[in-house]
1. Return the residues of segment 294-312 that are touching a strand residue (DSSP E or B) at 6+ places or on another chain (Cβ under 9 Å) and either surrounded by fewer than 20 Cβ atoms within 10 Å (Cβ to Cβ) or outside any loop (DSSP other than H, G, I, E, B) (or both); say none if nothing qualifies.
2. Based on this model, can you work out whether Asp256 counts as in a loop (DSSP other than H, G, I, E, B) and not basic (Lys, Arg)?
3. I'd like the full set of residues that are surrounded by 15 or more Cβ atoms within 10 Å (Cβ to Cβ) and assigned to a loop (DSSP other than H, G, I, E, B), limited to segment 402-435.
4. Would you confirm whether or not segment 59-81 contains a residue that is within 18 Å of Thr138 (Cβ to Cβ), among the hydroxyl-bearing types (Ser, Thr, Tyr), assigned to a helix (DSSP H, G or I) and outside the structural domain of Ala352 (by TED's automatic domain parsing)?
5. Among the residues in segment 39-52, are any in contact with a His (Cβ under 8 Å, 6 or more places away or on another chain) and crowded, with 20+ Cβ neighbours inside 10 Å?
6. Name the residue, out of Ala399, Ala346, Ala395, that is of a type in the set (Gly, Ala, Ser) and surrounded by 23 or more Cβ atoms within 10 Å (Cβ to Cβ).
7. Assuming Gly291 fulfils every condition listed in (1) crowded, with 17+ Cβ neighbours inside 10 Å; (2) not in a helix (DSSP H, G or I) apart from one, which condition is it?
8. Quickly run through segment 353-364 and pick out the residues that are crowded, with 23+ Cβ neighbours inside 10 Å and assigned to a loop (DSSP other than H, G, I, E, B).
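The values are calculated or read from the model by the stated rules, or taken from the named source; none is laboratory data. These numbers come from a predicted model, not from an experiment. Every residue, glycine as well, gets a Cβ built from its backbone with ideal geometry; the counts of neighbours run over all protein chains shown.
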Amino acid sequence: MKALLLYADRDFGPVETLPAHGADVSADLELGVLLRAMAGGDQHLHDIAGAVMLTSLTTPEQVRYRQDVLTDCLRHPPAVRAIYDLASAAVEAERRIRGGLLAGPDYPLHRSMQVMEVFLRHLRQLRALADEHAAHLTSAGFTRLCCMLRAELDDTYLSEIGDRLSRLRFKDGLLTSASLGPAGKGEDYVLRRPAGGRAGMLSRLSPASRRAADDLIVPDRDITGRQTLTSLRDRATGTVAGVLAQSCGHIRGFFDMLRLETGFYIGCLNLHDLLGARGQPLSLPVPLPRGKHALSAHGLRNPALLLTGTGPVVGNDISADGKSLIVITGANQGGKSTFLRSLGTAQLMMQAGLFVTAESFAAAVCPGVYTHFRRPEDATMISGKLDEELRRMSAITDAIAPGSVLLCNESFAATNEREGSQLARNVILAMLDCDVRVLLVTHFYDLASGFYADQREDAVFLRADREPDGSRTFRLTEGAPLLTSHARDIYDLVFGDPRV
């Protein structure tokens, strides 16, 4: 059995397959704020959300499949939460079944029976949930899950499991066959079903139906004899115990995956509730095929800022279809980095199958999102900041694939404008030649104006607005780079106008 709620054709992969650059992307885009909101204080949900967010889908069909499942979840939250709670309860109940220090040699069979009894109870409840909600959950993922549960966990199958567990309690005694091997040792032990049930077994044990030569009576004080009988019993039940343990493992794996995959959608519901309570626009993005560098948004906002800020957040628009290079300049503290983060976060949320914090958003799917942001000073660094920036960019170039998205925020700001502009220009041109889309925030006028002078048809230039009085609107509009970033406004705001 498979859940198939995150992918149409496979289970979600292990966390170990997360991209190596995932930690940098998470830190630069402040994904921790989103993950904490999705987790709601649950570390398990936090880990699931982080793993799914950083494992991007790579085709529009995969994104739409997950979006359909998410739409079901948003329409019927109680159903999804009930499935997640049930899967979690099954996993936790199995974990509580532990062997003590005095567990006997037949403990593996007894433990597997206990686990299967627990799982059987939860499978019955899961089947009941499928019956209850099958008519309401219409996405391909949930429809397949409900059909699978109703077909494979029918009453006959569940009753048969219960019947076989009852037989394994050996209330009628244990009947086994064996053959003699070399040196008279027993081999080929096979556990048999007593013919005729309990009555048949009692007839075998009645004095009238057996010969005295068939009896083997072990005295109470014969420890060796009892150990021998125990060994015979273990050989007879060993195969059954192994098969039962394997079956328990399969069912445990199903509950684990069901818990993981529904857990992601529980995180989506938590995030939707928090953002919805703030009255922010939420929409399902439109995933587009790779190759055309499609990107457009209306009213795009940074979700991390929405979750941590107290005041209203300004939305921004962008129309950059067919543009490989997006250069963002303008006033200091005018919202440039925030807008860059909103673009990167929206791309990741779309490729995770999530909604985005925008009135509308459409973009081409990409193999991966990479970030190269300016880092604060670190007193423990052995080498300089420029060396550190170059090492990070080198790692990105080794891993990045054509069609990916690279977000640069004040890259190579650790050096002077002339040197930093030249370094950045060489790197960006190489990325563009490799069909990588570059989104760049920079205060290097030489760099931005150089690209603007090239009059590239694949480039768009955005500028953070500034009012005549120096106030910031936090809106970005298309415009040529300016020679100043109006840092004097910040100085006057902090220290006061020296002319006064």
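1. Answer for segment 294-312, where residues must be touching a strand residue (DSSP E or B) at 6+ places or on another chain (Cβ under 9 Å) and either surrounded by fewer than 20 Cβ atoms within 10 Å (Cβ to Cβ) or outside any loop (DSSP other than H, G, I, E, B) (or both): Ala294, Leu295, Ser296, Ala297, His298, Gly299, Leu300, Pro303.
2. Here the answer is no, as Asp256 does not meet what is asked.
3. Gly403, Ser404, Glu410, Ser411, Phe412, Ala413, Ala414, Thr415
4. Looking for residues that are within 18 Å of Thr138 (Cβ to Cβ), among the hydroxyl-bearing types (Ser, Thr, Tyr), assigned to a helix (DSSP H, G or I) and outside the structural domain of Ala352 (by TED's automatic domain parsing), one finds at least one in segment 59-81, hence yes.
5. yes
6. On inspection, the qualifying residue turns out to be Ala346.
7. (1)
8. Of everything in segment 353-364, those that are crowded, with 23+ Cβ neighbours inside 10 Å and assigned to a loop (DSSP other than H, G, I, E, B) turn out to be Gly353, Leu354, Phe355, Thr357, Ala358.
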